[in-house]
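What follows is a short report on a single structure.
Any read-out appearing in this document is the output of simple, stated calculations on the displayed coordinates, not a laboratory observation. Computed from a predicted model, the values in this text were never measured in an experiment.
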Amino acid sequence: MNGKELVSLALEARRRAYTPYSGFQVGAALLASDGIVYTGCNIENAAFTPTVCAERTAFFKAVSEGRRAFAAIAVVGGPGGKEPEEFCAPCGVCRQVMMEFCDPDTFKIYLGKSDRSVREYTLKELLPLGFAGEGVNRA
């Protein structure tokens, strides 16, 4: 699956975002190494701290179903009610979650927008000084 295909799935996932407070909707499509795709959207909460990003939603769905190896993720985001016009990069917390499960040199992060423009990065490019705990198994 290429970056444009993942971006299309992320745009679809974005439509399911629950964002009554910020109005900023994000969708993600995570490609596991075995070819299975997990989608996620951001889900807000009035208390703010329980809010979860689209990227973490996708990762937590995948991990909860036994996946531990990932190849790529696509992320799209922007104000609700209109198609994303700018690229939306993962926040620092999401980047660190990616670091827990992904090889920073090979894991691809695709940023997309509604005109189907795609930018490709590695995790290392977006989190150059990230760290992983001892014993991390990126099977």
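The C-alpha atoms of the chain define a longest principal axis, and helix 54-64 lies at about 50 degrees to it.
The Rg/Rh ratio of the chain, with Rg taken over Cα atoms and Rh as the Kirkwood radius over Cα pairs, comes to 0.95. Each Cα pair under 8 Å and six or more residues apart adds its separation to the average, and for the chain the resulting relative contact order is 23 percent.
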